[in-house]
Each structure stands twice: as C-alpha cells, then as structure tokens.
Amino acid sequence: MNCCLPYGRQAIDELDIQAVVKVLRSDWLTCGPAVTEFERVVREYIGVKHAIAVSNGTAALHLCCMALGVQPGDVGVTSPLTFLASANCIAYCGGRPDFADIDSTTYCLSPDRLEEYIRKNGVPKVVIPVDFAGVPADLPRIYAMAKRYGFAVIEDAAHSIGSTYIHEGKIIRCGACVHSDLAIFSFHPVKTVTAGEGGMVLTNDDALAAKVQMLASHGMERSPALFQPWPVRNADGTLQEQPLPADPDFVKAPWLYQQQELGYNYRVTDIQCALGTSQFGRLDEIMQRRRVLFDQYQRAFGSNPQLICPPCPEGSDPAYHLYVLRFKEGAESLRLAACATLRENGIFAQVHYLPVYLQPWYQRQYGYPRGKCPEAEAVYGDCLSIPLFPGMTEEDMQKVIRIINGLTV
Ligand SMILES: Cc1ncc(COP(=O)(O)O)c(C=O)c1O
C-alpha cells in the first residue's frame, strides 16, 4: 500500500532512471540528440508530421497562439472546465479568452454551445477544445465548423496522450491534428506519461511548425539560407532594409544568427526528453493499467445510486487520465465529507475544475457572470477526482472504494 495517495502520480521504473543517467554522462544536457529522439518517437507514435518538444504544456499553448498570430483585439474560445493554461495562452498574446459551455455527456467543449456562441458573438480567431480527463472532444464537428466559419483549432490534448477516437471508420489518435491545426501535450508528472516537466506542439502544417520552432528559441534563425534582409536604423532615425551582402563569407559566418521575431526560451532539456522517450515506450502498458483501474472503479461505483461515474463515450478509447466521480443528492455536503474522510486516511482527492472564468483574475479582467456556463458550473459543484495512477495497489483501490461507498450507500 502507498503511504499517501494523491489523485495522480508518475510511474517511474529502472529503465527511466537509466535513460536519464545516460544523458547526464553524455556531452549534451540540452538541445541535443535526446530532444530529437523524443520528437521522433512522439511523431511516429501519434502519426503526425511535426512534433516540437518544449519546456511545458503552457509554453506549447502560448507558442500555438503566437504562431497563429493571435493579437490584441482577437478572441479565443475554450472550455471553461480546464486548467488555467488553456485560456491564459490567449491572454498572453493580448487576445481575450472567452468560453462556451461543455457537453454534459463528455465534459468537453460542446459544438452546439460553440455554434450558439458564434451566432451571438461572431467568429473567434481560435478555438481550443480540451480533451477533458482524456476523453476526446468532438474534434470532427468543431473542425468542420472551423472550415465553415474560418477560425483556427488548437487541440489541448494535455490529458489525452494515447487517447483515440473513431471517425468515418478510422481510428484517430488525439494530437494527430486530423481535425485541428495544432495540438499540444503536457508531460507534467500527473499526466499519462511524464518528462518531469515538458510539453509538445504537434502539427501537420510546415509553416506553423517552422514558426513554433523559431518562437520557442528567442525568435532566432541560425540557417543563413533563411536569413532576411538586415534592417539597420540610420542616425537620422530612418530604417534601411539592407539586402544581405553578396559576400558569401558573410552569410557563411558560422557564429551568425538573426533574431527575426520576439520569441522566448521555451526549450526543453535532453534530461527531460530522455525520460519522456523512455516513458513513451511504455505508454500502451501504462494505459492498459489505467484502464484496469478505471474499470474496477466503474464496477464498484456503477450501481451506487448516489454517484455518477465518469463518461466513456462510445467509439473513443480515452487515456483514463482522471477518474472524475460526481455526487447526486446532497452533493455539496457529500463531496466535502468524502474529501475530508479521504484526507484523514492519507488520500488526496482533487476537484477538476473551478470554471476558469470564475477565477479572481478573470473576474477582475473580463467580468464574466456566474451562470455563464451552467453545465461546467454543475460539474464543478459536485465532482471529485479520486486517485488513478499505475502504481496504485489493490489495497489502495479497495480503501478508496470502501470510503466512498461507505459514505454514500
Ligand atoms: C488541460 C491542460 N492544459 C494545459 C496544461 C498545461 O500543462 P503544463 O503544466 O505542462 O504547463 C495542463 C496542465 O496541467 C492541463 O491540464
């Protein structure tokens, strides 16, 4: 039995440790071969053209918004039932994050509510559906709307590394960008696989990939073939675009780089990527273990009339990132009692999530009213994420089940 049970925890094995140690003994700690290898492994597993490893999932979302040109005056719509980063990334670019309600059967952004939003408020620049708890959002419908109305789609797949959905008879992996322009993963320790911290931007679009790559490293271009004419400010203040000197030695100077955009240091280390690659190699095994634990909870709580088990929509194979239970009658006091009793027993449940627009910064900044997204507020009002991670023992599971069923049946 684990001494204390959080709602999620990394699954590190000896091979992961050896992979990290190998990097520590090598010549490269950052921007080296382990980064390239991690990107290759993710690209091939997911089936996407470009995978760019970055420092975390938040940075990945910020880079996506920048690459799409989100700027002041633009609106980005996301799900209210998500982590702050899905909305903050729009504000980082000076845009206004807004929210359309979730679908009550998947807890992901509802295409119907999005359609209503657009009819009422106009077309946003970008829409960021979130695969809540690993359940894929209705990406095919949202992407069809994107084509009709002309907005871009970033799939926030932070919870859905390894999830799949079926569209027109084909199995599609979350993050493959079949129904989005860009997608992101997070490799935070509570996610399905971890790199300590880390994120990934995925896309099939060459131009967006090049932009993300450049913005993730200070907006710097090192390849002389891609250098731009060099603008120089004259003493009188005028700007002169100087063509690159014809002298081949100038452009061949190996030390030369150009800052072409205002980018960031969102790079990730070889140490993180070695762990990420090692973990990704066990993704199927980790998912299988999560599935077994998830099914065990479903069986234990399925017939409890006071509980609502998490959705597992037909046709999708979610990554079982979270187990989000909902309480029915007297939900508020039951949830509090469950949370307190779990805590007394060393079990730390969590609530995913307070709708983002109710956060103090959002209230001050944008003043969205309570009641804006009733479905998301209802989930927030009665949900609890209980422990679900591969290292849980049978004894751990039984303890959680006993406490919850003991309080509710
Ligand atoms: C849905 C969602 N999006 C984005 C992020 C941000 O990822 P990171 O913590 O790697 O910055 C998270 C992380 O918790 C998340 O849950």
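The values are calculated or read from the model by the stated rules, or taken from the named source; none is laboratory data. Note that the structure is a prediction, hence the values are computed from the model and not measured. Note that we place each Cβ from the backbone using ideal geometry, even for glycine, and neighbour counts take in every protein chain shown. With ligands, DNA and RNA removed, areas are computed over all heavy atoms of the protein, side chains included. Shrake-Rupley method; radii C 1.70, N 1.55, O 1.52, S 1.80 Å.
Observations
- Residue count for the range 116-136, restricted to those that are more than 11 Å from the ligand (Cβ to nearest atom) and among the small types (Gly, Ala, Ser): 1
- A single member of LEU342, LEU354 is modelled with pLDDT of 95 or more and more than 25 Å from ARG299 (Cα to Cα), and it is LEU354.
- Top-ranked residue in the range 106-152 [being without any contact (Cβ under 8 Å) to a residue 40 or more places away in the chain and of a type in the set (Ser, Thr, Tyr); ranked as farthest from CYS383 (Cα to Cα)]: TYR149
- Only residues that are among the charged types (D, E, K, R), part of a helix (DSSP H, G or I) and closer than 22 Å to PRO97 by Cβ were counted in the range 345-397, giving 3.
- Yes/no for ASP103 being in contact (Cβ under 8 Å) with a residue 60 or more places away in the chain and more than 12 Å from the ligand (Cβ to nearest atom): yes
- Checking each residue in the range 350-361 for being among the polar types (S, T, N, Q) and open to solvent by less than 60 Å² (accessible area, probe 1.4 Å) picks out only GLN359.
- Checked against the criteria, ASP27 counts as without any contact (Cβ under 8 Å) to a residue 24 or more places away in the chain and over 19 Å from the mean Cα position of the chain (by Cα).
- MET66 at pLDDT below 95 and in contact with a helix residue (DSSP H, G or I) (Cβ under 8 Å, 6 or more places away or on another chain): no
- If you check GLY134, GLY122 for being modelled with pLDDT of 95 or more, in the same structural domain as CYS64 (by TED's automatic domain parsing) and either in contact with a Ser or Thr (Cβ under 8 Å, 6 or more places away or on another chain) or of a type in the set (Val, Ile, Thr) (or both), only one passes: GLY134.
- The helices (runs of 4 or more DSSP H) located wholly in the range 1-116 that include 2 or more residues which are surrounded by fewer than 15 Cβ atoms within 10 Å (Cβ to Cβ) occupy 14-24, 33-46.
- Residue check, GLN213 within 16 Å of the ligand (Cβ to nearest atom), assigned to a helix (DSSP H, G or I) and modelled with pLDDT of 95 or more: no
- Which listed residue is within 11 Å of the ligand (Cβ to nearest atom) and open to solvent by 10 Å² or more (accessible area, probe 1.4 Å), from SER160, SER186, SER223: SER186
- Flag for GLU395 being closer than 21 Å to ARG290 by Cα and open to solvent by 50 Å² or more (accessible area, probe 1.4 Å): yes
- Flag for PHE99 being under 20 Å from ARG370 (Cβ atoms), modelled with pLDDT of 95 or more and not small (Gly, Ala, Ser): yes
- Taken as a whole, the range 362-383 holds no residue that is at pLDDT 95 or above, surrounded by 21 or more Cβ atoms within 10 Å (Cβ to Cβ) and within 13 Å of PRO6 (Cα to Cα).
- Filtering the range 316-334 to residues that are open to solvent by 40 Å² or more (accessible area, probe 1.4 Å) and either part of a loop (DSSP other than H, G, I, E, B) or within 23 Å of PHE348 (Cβ to Cβ) (or both) leaves LYS328, GLU329, GLY330, GLU332, SER333.
- Listed conditions (1) in contact with a helix residue (DSSP H, G or I) (Cβ under 7 Å, 6 or more places away or on another chain); (2) away from the ligand (no atom under 15 Å from the Cβ); (3) not basic (Lys, Arg) are all met by THR78, apart from (2).
- Failed item in (1) open to solvent by 50 Å² or more (accessible area, probe 1.4 Å); (2) in contact (Cβ under 8 Å) with a residue 40 or more places away in the chain; (3) among the polar types (S, T, N, Q), with THR341 passing the rest: (1)
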